[in-house]
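Read the structure below first, then the notes.
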Amino acid sequence: MKKDSKKFRYICITGILLLLGIFFLSLLVPNRDVSAGNLFKAFLSGPGSLKKEDITKAARLAAVILWQVRLPRASAAVLCGLGLSLSGLLLQISLNNSLLAPSIIGINSGAGTCVLISALLFPGMTLARSVLSFTGAFAAAMIVCFIASRAGISKTTLILAGVAVSYLFTAVTDMIITWHPDSVTDKAGFSLGGFSSLSSTSLIFSLPLFAAGLILVLILGPGIDLFLLGDETAQGLGLPVARWRFLCILSAALLSGASVSLCGLLGFVGLIIPNLVRMVSGSRFRVNAILCFIYGPAFLLLCDLAARQMFYPYELPAGLILSVIGVPFFIGVLLKRKKRLAL
Amino acid sequence: MLVLEQVKAGYGGRQVLQIDELRFPENRISILIGRNGSGKSTLLKAMAGILPYKGEILIGEENKRFLSVSEMSHKKRARKIGLLPQTQHPVDMDVETLIMHGRFSRLSWPGRPGKKDMEAVDKACRTCGIGELSGRIVSGLSGGERQLCYLAMVIAQDPEIFLLDEPMSAMDIGHQIRIMEIMRTLKKEGKTIILTSHDLPQSFTLADRIALLSEGRLLCEGTPEELSERPGLVKKAMGAAVRRKEGEGLLYPYVLTES
């Protein structure tokens, strides 16, 4: 147990340093339009540098880029990284299926469809976007659970139901985009996921959803591990299983809904990060949640940084980079694990 | 004491259990025996409050107020009744973490165990004799070792009543003997133990009282001595009778007979 605590502390400290490093890099990395020096001066001057009169044009541009573009974007990447990975972890443990993620079970697609509906019905209303995003996420989760409760809650049924619901909402999304191309400013970016069309207002309005989801996670945390023991054992230990599971799915929908309202249909994070942390640190929820908190944002920040810097001034959707980097990395971890188990 | 009155339970709208009246005395080992599908596990789950039922299942003591199992909160019920289901999952967690989960009903948010909880886990490990499994991962244990760990988890829960669903099935004789010794230890500590089994010699040896189930109904109940004098009834329920065999050093002083 002492060895495990030491390993956990080491992984946490490494992750925190990595996260902080990537966060500041994403704020301060120069490009051909803005130098590192001006960015650093703007950082040291604080947000007040935006209002300064006696600065050069280059310095003002650096201040605008840092405080009005990069900081909201990096903050959104942190929130979405932790939101999607925690959402995936909640679904995987409460439904006892490591192949579940908000993108697989249809939660992301449901949220995405409702984001487009809000753009059609309530254009420019950022609060409506956040609320409808959560509504779509929650509705998709409930449809999947309803189908599974009727057809049998096996791992296969859940995934099949999730895939079916995901396809349904994706089809509705594509129909909306086809009939109303103006409903989304960047179709590829929205479908693959990214932060290029992020606004500060949408970030602010998503905060209550993130807060509500995280508070629920804190409250539910002590009982979540009991799901791993099976429903009968968990009930025997005093866990109100049906109620806890419903609240876990609600929390996952809050976190995913908030994330989709910021970054579009960003998949992969919710599947891979929880599985990676569980491979490294076992199956304790508290431990895994803390690691998702650190490595989910770090991974998404890195992908977003690569997406906007690799081919500057052209920007790729962060979701594309996520898949290109993440898939080979995950396959490598799987093969390494299989080799270690075979020995 | 656990009292059942007019209890009916089933699955998917189909009734599989009907018990008019049954009492399990406190501080005794009671065993439910019956063939597969006779309703033993259904009865156990209803008593644990995890399967909906009609009728009354009450916990209490003589001359004191009885509490209904279905009306208790989940945590209160878990503090009174500990359930060991038939199937245990081979989870990827260490033995100590598994056993500590038994304290869930006694922990307040945020669920950090205190000194009392650590002592309960240590005591459970000593009772089950699994000190050598410390630090091992549950999924890497044998079936018998895993069963002992889950039993230790229920012991750490510190309930008044233990409900154990076939705790000795699919275990080697060494582990079976160990579990029987654990149950006798728990009884000495004042606990009430109710388990299911379809091993007649073992049940008749271990039990203070036996309840015979057949097709979801109570056929009869009594002490092993009383039931061994009713071989016809036992044979009807189980397909074989038992009789007591006298002799030195017998592990099971009851043997199976055809009649």
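The values are calculated or read from the model by the stated rules, or taken from the named source; none is laboratory data. Just so it is clear, the structure is predicted and the values come from calculations on it, not from any experiment. Note that each Cβ is placed from the backbone with ideal geometry, even for glycine, and that neighbours are counted across all protein chains shown. Calculation scope for accessible area: heavy atoms of the full protein, side chains included, ligands and nucleic acids excluded. Shrake-Rupley method; radii C 1.70, N 1.55, O 1.52, S 1.80 Å.
Quick notes
- Hey, B:Arg65 closer than 17 Å to B:Glu5 by Cα, more than 19 Å from the chain's Cα centre (by Cα) and of a type in the set (D, E, K, R) or not: yes
- Strands (runs of 3 or more DSSP E) wholly inside segment B:154-259 that include at least 1 residues being more than 15 Å from the chain's Cα centre (by Cα) and at pLDDT below 95: B:209-214, B:217-222, B:241-244, B:254-257
Listed here are the residues, each with its yes/no results for (1) open to solvent by 20 Å² or more (accessible area, probe 1.4 Å); (2) farther than 17 Å from A:Ala211 by Cα; (3) free of Cβ contacts under 8 Å to residues at least 40 places away in the same chain.
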{"position": "A:Glu53", "(1), (2), (3)": "yes, yes, yes"}
{"position": "A:Lys57", "(1), (2), (3)": "yes, yes, yes"}
{"position": "A:Ala63", "(1), (2), (3)": "no, yes, yes"}
{"position": "A:Gln68", "(1), (2), (3)": "yes, yes, no"}
{"position": "A:Ser75", "(1), (2), (3)": "yes, no, no"}
{"position": "A:Cys80", "(1), (2), (3)": "no, no, no"}
{"position": "A:Ile93", "(1), (2), (3)": "no, yes, no"}
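- Qualifying residue in segment A:122-130 (condition: at pLDDT below 85 and either of a type in the set (Phe, Trp, Tyr) or touching a Pro at 6+ places or on another chain (Cβ under 9 Å) (or both)): yes
- Selection within segment B:79-104 - of a type in the set (A, V, I, L, M, F, W, C), within 7 Å of chain A (Cβ to nearest Cβ) and either closer than 16 Å to B:Val121 by Cβ or open to solvent by 20 Å² or more (accessible area, probe 1.4 Å) (or both): B:Met93, B:Phe104
- Filter result for A:Gly194 (outside any helix (DSSP H, G or I) and in contact (Cβ under 8 Å) with a residue 12 or more places away in the chain): yes
- Selection from segment B:106-139 of residues that are in contact with a Pro (Cβ under 7 Å, 6 or more places away or on another chain), in contact (Cβ under 8 Å) with a residue 40 or more places away in the chain and surrounded by 14 or more Cβ atoms within 10 Å (Cβ to Cβ): B:Val138
Here's the yes/no breakdown for (1) out of contact with any helix residue (DSSP H, G or I) (no Cβ under 8 Å at 6 or more places or on another chain); (2) over 30 Å from B:Val242 (Cα atoms):
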site: B:Val3; (1), (2): yes, no
site: B:Arg23; (1), (2): yes, no
site: B:Ile33; (1), (2): no, no
site: B:Ser38; (1), (2): no, no
site: B:Tyr53; (1), (2): no, yes
site: B:Arg65; (1), (2): yes, yes
site: B:Pro85; (1), (2): no, no
site: B:Met93; (1), (2): no, yes
site: B:Met100; (1), (2): no, yes
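- Failed criterion for A:Val269 (all others in (1) within 15 Å of the chain's Cα centre (by Cα); (2) β-branched (Val, Ile, Thr); (3) open to solvent by 50 Å² or more (accessible area, probe 1.4 Å) hold): (3)
- Of the numbered criteria (1) closer than 22 Å to B:Leu98 by Cα; (2) within 14 Å of chain A (Cβ to nearest Cβ); (3) of a type in the set (A, V, I, L, M, F, W, C), the one B:Met183 fails is (2).
- The set of residues in segment B:43-66 that are part of a strand (DSSP E or B) and closer than 18 Å to B:Ile194 by Cα comprises B:Glu56, B:Ile57, B:Leu58, B:Ile59.
- Condition met for A:Leu116 (open to solvent by less than 10 Å² (accessible area, probe 1.4 Å), assigned to a helix (DSSP H, G or I) and within 19 Å of A:Ile290 (Cβ to Cβ)): no
- Qualifying positions in segment B:165-203 - under 17 Å from B:Lys123 (Cβ atoms), open to solvent by 10 Å² or more (accessible area, probe 1.4 Å) and in contact (Cβ under 8 Å) with a residue 60 or more places away in the chain: B:Arg184, B:Lys187, B:Gly190, B:Lys191
- Members of segment A:8-60 found to be farther than 17 Å from A:Phe293 by Cα and either within 14 Å of chain B (Cβ to nearest Cβ) or β-branched (Val, Ile, Thr) (or both), listed by number: A:Val29, A:Val34, A:Ile55, A:Thr56
- Selection from segment A:223-240 of residues that are at the interface with chain B (Cβ under 9 Å from one of its Cβ atoms), assigned to a helix (DSSP H, G or I) and in contact with a Ser or Thr (Cβ under 9 Å, 6 or more places away or on another chain): A:Asp225, A:Leu226, A:Leu228, A:Glu232, A:Thr233
- Qualifying residue in segment B:47-59 (condition: at the interface with chain A (Cβ under 10 Å from one of its Cβ atoms), among the aromatic types (Phe, Trp, Tyr) and under 20 Å from the mean Cα position of the chain (by Cα)): no
- Matching entry among A:Leu39, A:Leu79, A:Leu71, A:Leu28 (being within 28 Å of the chain's Cα centre (by Cα), within 27 Å of A:Asn275 (Cα to Cα) and of a type in the set (A, V, I, L, M, F, W, C)): A:Leu79
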